[in-house]
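Reading through the structure tokens given below for one structure.
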Amino acid sequence: MRAYARARCRRIRAGSFPREARMFGQTTTTTPPPTDRGLEDLDAAALAYAARIEGLPPERRQEARDDLVRFALPFAGRLARRYRGRGEPLEDLEQVARLGLVNAVDRYDPERGSFTAYAAITIVGEIKRHFRDRTWGVHVPRRLRDLILEVGQATAALTSELSRAPTVAELSKRLETPEEEILAALESAAGYSPASLNAPVGGESSAEFGDLVGESDIALESVDDRVTVSGLLHRLPWRERRILAMRFYGNQTQAEIAARFGISQMHVSRLLSRALTWLRQAMLADAPPPWQNGPAESESANQPRATAPVRGR
């Protein structure tokens, strides 16, 4: 094969392939339009390219490379069209195929055989890599993606043999893989193309799939009030904050709170009433009013503060 490639290169230099020699020769860098050139002999064009770049400076090699890429673009597009209808736009597949074509041209060695065979393998591999890495709706580890392909192939083979869908145990035995990994692969396969929440349910109903998922959150309407109250609580004195927390979060009675603070139950009632009144006014006002010490505050100025009991270690 290498001797055959070298012989064809010599024939191109000698002019046995005048069409390709004119296209990739030293006399011109203009490539005929695709409608005129077709794809009669892509291998000969690649051999002409290999013969031309020998001894050329880097800038001239770039011109020859661009000529061969433009010449082979219809070939790449034909390979890309084989994979249309699989959920990816044809324009994206053509771009991926062209990337594979550029890689094939850059790595081409005429002594290793036919350019078209090598380019086809490279382009198809690039397209399959695109489907594997770019088209999943959610991220799935590569090991699991490979297992999904194996499970699909084993499912098709066992279905043909058994005339029914195989069980997880049968797939596990066929692939010599634990059943847990088979189940994980079957569940992850749904992540390739997840269903849209805006998809119609079907039938004559105009409902969407998202209408059937979840339920109304009645606590959602109180989010603003909760956030507002949380900020206002930090404006209260420490004792009032503590009493509110013990009463409404700790579910303690006024008598229990009074015992903890060493004050009367009536005093606790006045403090609670005063703190709640201030919170209501602050929530309705554009700017919260300042907290002012009332009679209840001066009455208990000399009262000791409550201390939490220290638990033994």
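The values are calculated or read from the model by the stated rules, or taken from the named source; none is laboratory data. Source: prediction; values computed, not measured. As a convention, Cβ positions derive from the backbone with ideal geometry for all residues, glycine included, and neighbour counts pool all protein chains shown. The protein model used for the area step is the full one, side chains on, heavy atoms only, and it has no ligands, DNA or RNA in it. Shrake-Rupley method; radii C 1.70, N 1.55, O 1.52, S 1.80 Å.
Structure data summary
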{"item": "Inter-label distance, nm, simple model (7 Å from Cα along the C-beta direction), residue 111/residue 225", "result": "8.4 nm"}
{"item": "Label-to-label distance, nm, for residues given as residue 245 and residue 232 (7 Å Cα→Cβ offset)", "result": "1.9 nm"}
{"item": "Spin-label pair residue 54/residue 292, simplified geometry with 7 Å Cα→Cβ offset, distance in nm", "result": "10.2 nm"}
{"item": "Solvent-accessible surface ranking, highest first, for 115, 131 at 1.4 angstrom", "result": "131, 115"}
{"item": "Förster-model FRET efficiency, 45 Å R0, residue 211 and residue 180, C-beta, rounded to 0.05", "result": "0.85"}
{"item": "As computed over segment 114-270, the Cα convex hull volume per residue (Å³)", "result": "326 Å³"}
{"item": "3J(HN,Hα) from dihedral phi, segment 141-147, Karplus parametrisation 6.51/-1.76/1.60, rounded to Hz, x for glycine, proline", "result": "x, 4, 4, 6, 5, 5, 5"}
{"item": "In segment 122-179, GluC sites (Glu not before Pro) in a DSSP loop with at most 16 other beta-carbon atoms within 10 Å", "result": "176"}
{"item": "Fully extended contour minus Cα-Cα distance, from residue 66 to residue 41, at 0.36 nm per residue", "result": "7.3 nm"}
